[in-house]
1. Give me the Kirkwood hydrodynamic radius of segment 47-132, using the inverse of the mean 1/r over all pairs of distinct Cα atoms, in Å to one decimal.
2. Given the Cα-Cα distance of residue 101 and residue 175 and 0.36 nm per residue of separation, how much length would full extension add, in nm?
3. Where does the Debye-calculated log10 I(q)/I(0) of segment 150-236 sit at q = 0.11, 0.13, 0.22, 0.25 Å⁻¹, using only Cα point scatterers of equal weight, no solvent?
4. Using a 1.4 angstrom probe, figure out how much accessible area the chain has per residue, in square angstrom, rounded to the nearest whole.
5. What FRET efficiency would be calculated for the residue pair residue 215, residue 141, taking the C-beta separation as r and a Förster radius of 25 Å, to the nearest 0.05?
6. Restricting to Cα pairs below 8 Å that are 6+ residues apart, what does the relative contact order work out to for segment 157-232? Please round to a whole percent.
7. For the pair residue 55/residue 120, report the inter-label distance in nm, with labels modelled 7 Å from Cα in the Cβ direction.
8. With a Förster radius of 25 Å, plug the Cβ-Cβ distance of residue 130 and residue 68 into 1/(1 + (r/R0)^6) and report the FRET value to the nearest 0.05.
Amino acid sequence: MRTGAAEAVAAELEHAKQRVDRLGSGRTRLTIATCSSGGRLLLPQALACLTAAHADTVVHVRECEPEESLPLVRQGAVDLALAYHFDGPLPGRPGLNSSLAWTAIMEDALHVVLPDAHPLAGHEILDIAELAAEPGVPGCLKTEAYLRRYAERAGFDPQVRGTTTDYFFARSLVAAGMGVSLIPSIAQTPQVAGVRAVPIAPPTPTRHIGVATIHRRNHTEVRTLIEALQAEAAALDET
């Protein structure tokens, strides 16, 4: 049996077991995997909406990146993943995501984050090519790979002076004068003193945030949570 098909069967068996467990306990158990930035800004209020609508639901949340969370959905270990991807398909080997349904939540544009006193900080918009002479401090490994791809298109090799796994830390390094960074819009809270975020001219690097579930696995609680996440994203767009 192909790996993707085997995982789909295993996921269905796991979901069936969970349904039996729920019938025995009388309560719904919903397990959510989430990336940290999306989880921090979008998930709390969405969870409040979920528990208000389904008071008997027991929620479990685990933080992990899409490379880990999407396989967990396929395997049936979690009910859904709040995840993201950049340009191109979802992370994972080709064919393995065929069992997943992807529901878009928001487009999360990256911004250039610079020290307040930087000569480019006063610009209303920046082209990636204007960063050719600037040392970079990416916020995560995937952002660094994304920066390198866009820099190659613009005809330069970026000077990377450090890599972090935390966007707040990356912005703190920018404030300390280590360089500039590319930070998603949703990851720019809480504020860091001494930096300014400037939009990037099209084609703008963008994270696509969404919810991954198993096909045919769309019970009421999942739909409620997805709708609440979409409402939170819409509210962010209006601010």
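The values are calculated or read from the model by the stated rules, or taken from the named source; none is laboratory data. As the structure is a computational prediction, the values presented were derived from the model and not from experiment. Note that each Cβ is placed from the backbone with ideal geometry, even for glycine, and that neighbours are counted across all protein chains shown. Ligands, DNA and RNA are stripped out before the accessible areas are found, and what is left, the full protein with its side chains, is counted by its heavy atoms. Shrake-Rupley method; radii C 1.70, N 1.55, O 1.52, S 1.80 Å.
1. Values: mean 1/r = 0.0597 Å⁻¹.
For segment 47-132, inverting the mean 1/r across all distinct Cα pairs yields 16.8 Å.
2. Details: separation 74, 0.36 × 74 = 26.64 nm, distance 3.98 nm.
Length gained between residue 101 and residue 175: 22.7 nm.
3. -0.49, -0.64, -1.16, -1.32
4. Details: 11370 Å² over 239 residues.
On a per-residue basis, 48 Å².
5. On the way: r = 30 Å, r/R0 = 1.20.
Here the calculated transfer efficiency is 0.25.
6. Working: 28 pairs, mean separation 16.8, N = 76.
Across segment 157-232, relative contact order equals 22 percent.
7. Reported label-point gap for residue 55 and residue 120 is 5.4 nm.
8. Efficiency at R0 = 25 Å is approximately 0.10.
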